[in-house]
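Contents: one structure, followed by commentary.
Coordinate-derived values only; no laboratory data. Note that the coordinates shown come from a computational prediction; the quantities given were computed from them, not determined experimentally. Cβ placement follows ideal geometry from the backbone for every residue including glycine, while neighbour counts extend to all protein chains displayed.
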Amino acid sequence: MTHFSSPSRRRLLQAGGAFGLATAAGSLLAPRAGATGPAAATTVTDLGPGLVQFSLMSGLLVGDTVYIGSRNMQPSSVIGFHLPSRKVVSRTALDAGPEPSVQALAADPTGRYLYVGVLVKADRGGPNLYRWDLRTPETPAVAIGRTEDRDIRDLTVAPDGTVYAVGGVPGKAPSLWEYDPATGAVTGRGVPDPKATLARAVAASDTTVFFGAGSVLAGGGASKASLYAFDRKTHAFTPIVPKELEKDPSLRELAVVDGHLVVGTSGGVDPAKLAVMDLDDLSSYTVVPTKGTVVKTLAADADRIYFASDAGLHAYGKADRTLSPVEFDGPDLGEIWGVDHVDGKLVVVSAYGFVAEIDVAARTSVVTDLHEAGAEAGPQAGMGIAAGAGYVYLGGNGAISRRDLRTGEVVNLPAPGEAKDAEVIGGVLYTGQYNAQGIWRYDPSRSRDPRQAASFPSEQNRPLDTSWDPENRLLLVGVQSDTEGGGALWTYCPRTGRKASYVNPIDDVQLVRAVVNRDGVAFLGGDNASKEGPRATVVALDPVTGKERWRLDPRQAAGVAALAVQGRNLYGLTTRGALFVLDVRTRQVVHTADVSAVSKGFAAMVTHRGAVYGVSDTTLFRFHPKTFAVRTVVAGINGAWYSGPHVNVHGGLLYTLRGHNLVAVDDRPSH
């Protein structure tokens, strides 16, 4: 049977003063700035933290304790979850930088030291490699060095205690980094693959370090899977990737197991693969295709190699070389960030915020909610936002918060990956779910968690923007393909469940950054993840047939960040802070302006009370519907967004983030 340590597993309730984060009802008058124009009455109401949870990105068993790294929480931390007592018994915080996450953990052969690698959203030049002495866990982890690739995605410790790290930084091919605990030196051992855009896996034996690269995080310019062997004596790199893996987007996981190198990939057009290579003869290997989009978090016993995928836990039989699912009576594991094997049990760390102990032979499980076990919850940077039917929803890592606007109660709903954007349609929430999760649905009138409503090809993995088309009764979703470049437009009918995907509706390099609609016509705004090629193209198409009606190049130096429609005018913002306004009847650009003082980078726009409103990383603003002059509504809003700001409208109010807190903005312009 399955034992749950708490009936509130996977749900973090926030009501009244829970966790000391009470819902606030205070209001203030928003400051004014920007272009001159008529005054407006503007009130901002602070509703409290938008999404509070213990979010995680790594897990590693050392002795009888599982060490778990936080994700998208400030400050970043590592906790120790003691398996015998099923309690959090230790914690260390890391001063790592903005929006930090701990994806990489590795222990030295003695079990004394835990090495921690951190990734951040922006580089401030500080350390990204830490060491925690597990003999004295009450003493905080110490910074021991920095790799110049900014983000550490994976760590390994060789049998002699030497530490190796891999990761990346945008615009630079990743290196192999070495930390010598005897000298304290961090040394770059070279760039094995000049074409690589990211390194995500590393493993080491006595003589060799294995370096795995390739990315699903840089559509249009991402490299494919590559694998190199680094000779620890000669410092020479040798390419060893099996030819069957070369077309996969990423070399995702590596482990040295019983004389073999075990390899997992991320899939794109084709499913992910598992490879088992003979360390004595790396040209001798077995490759097994899976049915999922990723193979990661490897563990093994005498007979099987276990791995996690988007489809759950699977096992590879060493003798018969076949795959089978790990069957047990427990819950959906969601995104898995740690798998270890001990005494016939698998210890699984789930992004839903729990640890599952699975008895492989008995097919039973014990599940412990980490918050109930003592992990500290905190606010995290948000993803998409949607409001309707008395609720406001905010996406995060492995969860969507649902705030009741009447009572202030907040419930965290489990949802795999990240809700990048969302709409409330007929009281039901629909989300564009990253990574490669398609469209998800949640009906608050039913006592069920969110469920997938529509799936799409896995290479169409990153939904970016959603729009409800009332004429055609279709949900429209703009999508980026990280692995193949370009993008897609998804359409979905909530009434019938009918779906469609129109691939590369702009061109084969421009992703669909923004989508809006008017009178049954969808307008798409293009961006380009690579440094070269077209960008900011606007395409009008029929979302029922996918047939293009017209396109226009507004001749912008940067891609579209957001679109909005007001009357006959289509507003476009670029990632460099340029505004262009297009008359959709004449198909002419009627206005351009530099608005970089209020918006630069990613942005979002909505139409509200006869005007177009926008939000950037710093400012909430609006445009005059006739003169197009920009006016600041809330200066210094500085929303804590993980992958670009969002704003939504419900009940006459604008909803967005100020810092980590959800705010309702009542703005009444007199045009």
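Each label was represented as a point 7 Å from its Cα along the Cα-to-Cβ direction; for Asp206 and Ser284 these points are 1.9 nm apart.
Computed from the mean reciprocal separation of all distinct C-alpha pairs, what Kirkwood hydrodynamic radius does region 272-420 have, in Å?
One decimal place: 17.4 Å for the Kirkwood radius.
Scanning residues 5 or more positions from Val342 or on other chains, those with amide H under 5 Å from its amide H are Val347, with H placed 1.01 Å from N in the peptide plane. Near Phe602, no amide H atom lies under 5 Å from its own; only residues 5 or more places off or on other chains count, and H is placed 1.01 Å from N. The amide H of Leu129, built 1.01 Å from its N in the peptide plane, has Ile144, Gly145, Thr147 as neighbours under 5 Å, considering only residues 5 or more places off or on other chains.
Report the charge-dipole magnitude of the chain in Debye, nearest 20, computed about the Cα centre from +1 at each Lys and Arg Cβ and -1 at each Asp and Glu Cβ. Its charge dipole is roughly 2380 debye.
Couplings for region 91-106, taken from phi via the Karplus curve 6.51 cos²θ - 1.76 cosθ + 1.60 with θ = phi - 60°, read 7, 9, 9, 10, 8, 9, x, x, 6, x, 9, 10, 9, 10, 9, 7 Hz in order; Gly and Pro are left as x. In straight-distance terms, cross-link reach from Lys296 covers every one of the lysines whose alpha-carbon lies under 20 Å from its own, apart from those fewer than eight places away in the same chain; here that gives Lys224, Lys243, Lys247, Lys273, Lys318, Lys345.
What's the FRET efficiency of Ala185 with Thr45 using the Cβ-Cβ distance as r and R₀ = 56 Å, to the nearest 0.05?
Efficiency, rounded to the nearest 0.05: 0.60.
Here's the list of lysines a cross-link from Lys600 could span, going by alpha-carbon distance under 17 Å and ignoring same-chain residues fewer than 8 apart: Lys121. Mean residue ellipticity, 222 nm, helices only, the chain: the sum of -39500 (n - 2.57) across DSSP H runs of n ≥ 4, divided by residue count and rounded to 500, is 0 deg cm²/dmol.
Taking a ≥ b ≥ c as the square roots of the Cα gyration tensor eigenvalues, with a/c under 1.5 meaning rounded and otherwise prolate when a/b beats b/c, else oblate, which class fits region 506-580? It is oblate, given that a/c is not under 1.5 and a/b is not larger than b/c. Normalised by 2.2 N^0.38 Å, where N is the number of residues, the C-alpha radius of gyration of the chain stands at 0.95.
Computed from the Cβ-Cβ distance with R0 of 56 Å, the FRET efficiency linking Arg498 to Asp160 stands at 0.40. Taking Cα centre as origin and charging only the Cβ of basic (Lys, Arg, +1) and acidic (Asp, Glu, -1) residues, the dipole magnitude of region 127-188 rounds to 160 debye. A Cα-only calculation for region 333-440 places Rg and Dmax at 16.2, 50 Å. Short-range pairs are left out: with C-alpha atoms under 8 Å and at least six residues apart, the relative contact order of region 356-406 is 20 percent. Calculated FRET efficiency, Asp123 and Asp95, Cβ-Cβ r, R0 25 Å, to nearest 0.05? So the FRET efficiency works out to roughly 0.95. Contact order, relative form, for region 416-523: 19 percent (alpha carbon pairs under 8 Å, 6 or more residues apart, mean separation divided by residue count).
Distance between the modelled labels on Arg135 and Asp343, one decimal in nanometres: 2.5 nm (7 Å Cα→Cβ projection).
With Cα atoms defining each centre, region 190-244 and region 295-334 are spaced 25 Å apart in the structure.
For region 328-466, relative contact order (Cα pairs under 8 Å, six or more residues apart, normalised by length) works out to 14 percent. Between Ala362 and Lys87, the simple spin-label model (points 7 angstrom out along Cα→Cβ) gives 2.3 nm. At q = 0.11 Å⁻¹ the log10 of I(q)/I(0) for region 204-353 amounts to -0.42, computed by Debye summation with a single uniform scatterer per C-alpha, solvent ignored.
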